[in-house]
Amino acid sequence: MAEQAIRILPELPANMRANRAFLRRAVRYMISQGVRQFLDLGSGIPTVGNVHEVALREAPDARVVYVDNDPVAVAHSQSILEQVDAATVVQADITDADAVLGHARSHLDFTRPVGVLMVALLHFVPESADPAGVVARYRDAVVPGSFLAISHGTADEQGERGRAMEALYSRSANPLVSRDRAAVERLFDGFEIVEPGVVFVPLWRPEPGTLPSGTPPERTATYAGVGRVR
Ligand SMILES: C[S@@+](CC[C@H](N)C(=O)[O-])C[C@H]1O[C@@H](n2cnc3c(N)ncnc32)[C@H](O)[C@@H]1O
């Protein structure tokens with residue numbers, strides 16, 4: 001599957017690294033805004049620069065709840081987190097916000113700001129599962145001063161390869177739903193979108209070395225943005 005995806009989008013490995021780099025920048029940005037608690041939805045298989053590692057480096061009092069519905073991802077996370085008091089992992093479907101929030105409330109203090117992370121997640125949530133409604137459930141559960149980070153696959157500016165990627169994923173266990181910029185912006189309904197808005201992922205508050213050299217940002221086929229709860 002990965003090999004086929006790379007044939008369609010040769011930059012895919014670099015794009016995945018660009019997505020993880022956005023995750024780290026978003027966490028550091030939220031910490032700079034006073035956030036000390038993170039709810040990482042669709043956290044995936046742990047890799048370099050996990051949210052708790054970035055957060056604890058910046059703020060030793062940080063706490064993290066990871067959520068994924070994939071038992072393999074959860075098992076790997078459990079083994080990584082065995083010795084880490086500040087972070088825990090829950091196996092749940094993020095569209096069941098009541099269940100996820102029930103677990104999260106026993107680890108995080110919802111009277112204080114929470115950084116909600118939906119990084120490379122919502123393109124796996126079809127319209128029939130109401131992604132905007134799901135985001136709204138988390139938005140309404142957190143206090144003003146909380147944040148939401150989203151990165152999201154798009155077919156914008158991708159031409160034929162956007163359609164080819166969707167067709168490939170449609171034959172997998174995780175069909176992909178590309179959304180255009182306006183649709184990604186709508187997911188931030190009720191949030192104040194922070195500068196620079198919803199942009200191709202390397203353009204979100206880049207740091208030195210953020211852009212893979214010579215690769216145009218739109219080749220990432222991924223939008224990113226961060227919103228603040230008013
Ligand atoms: C592309 S990975 C992203 C992982 C990580 N957030 C990152 O950006 O590196 C998407 C993850 O979302 C998880 N996922 C997809 N749909 C989900 C759902 N409805 N509930 C919980 N997790 C979900 C998948 O199992 C997968 O681990």
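Any residue in the range 17-24 that is hydrophobic (A, V, I, L, M, F, W, C), part of a loop (DSSP other than H, G, I, E, B) and either touching a strand residue (DSSP E or B) at 6+ places or on another chain (Cβ under 6 Å) or open to solvent by 70 Å² or more (accessible area, probe 1.4 Å) (or both)? No - not one qualifying residue is present in the range 17-24. Output the residue which, of all residues in the range 78-128 that are part of a helix (DSSP H, G or I) and among the small types (Gly, Ala, Ser), is surrounded by the most Cβ atoms within 10 Å (Cβ to Cβ). So the residue we want is ALA104.
Of the residues making up the range 36-51, those that are over 23 Å from LEU101 (Cβ atoms) and either within 9 Å of the ligand (Cβ to nearest atom) or of a type in the set (S, T, N, Q) (or both) are ILE45, THR47.
If only residues of the range 163-185 that are closer than 21 Å to ARG20 by Cα and part of a helix (DSSP H, G or I) are counted, the one that is least open to solvent (accessible area, probe 1.4 Å) is VAL184. If we scan the range 146-158, do we find a residue that is over 28 Å from ARG63 (Cβ atoms), open to solvent by 20 Å² or more (accessible area, probe 1.4 Å), at pLDDT below 95 and touching a strand residue (DSSP E or B) at 6+ places or on another chain (Cβ under 6 Å)? No: the range 146-158 contains no residue that is over 28 Å from ARG63 (Cβ atoms), open to solvent by 20 Å² or more (accessible area, probe 1.4 Å), at pLDDT below 95 and touching a strand residue (DSSP E or B) at 6+ places or on another chain (Cβ under 6 Å).
If you go through the range 56-73 and keep only what is assigned to a helix (DSSP H, G or I), within 13 Å of the ligand (Cβ to nearest atom) and open to solvent by 10 Å² or more (accessible area, probe 1.4 Å), you end up with PRO71, VAL72. It is to be established whether one or more residues within the range 191-200 are outside any strand (DSSP E or B), modelled with pLDDT under 90 and loosely packed, with under 15 Cβ neighbours inside 10 Å. No: zero hits.
The values are calculated or read from the model by the stated rules, or taken from the named source; none is laboratory data. Every value quoted in this text rests on a predicted model; they were computed, and no experiment measured them. Glycine gets a Cβ as well: all are built from the backbone with ideal geometry, and neighbour counts include every protein chain shown. Please note that ligands, DNA and RNA were not included when accessible areas were found on the heavy atoms of the full protein model with its side chains. Shrake-Rupley method; radii C 1.70, N 1.55, O 1.52, S 1.80 Å.
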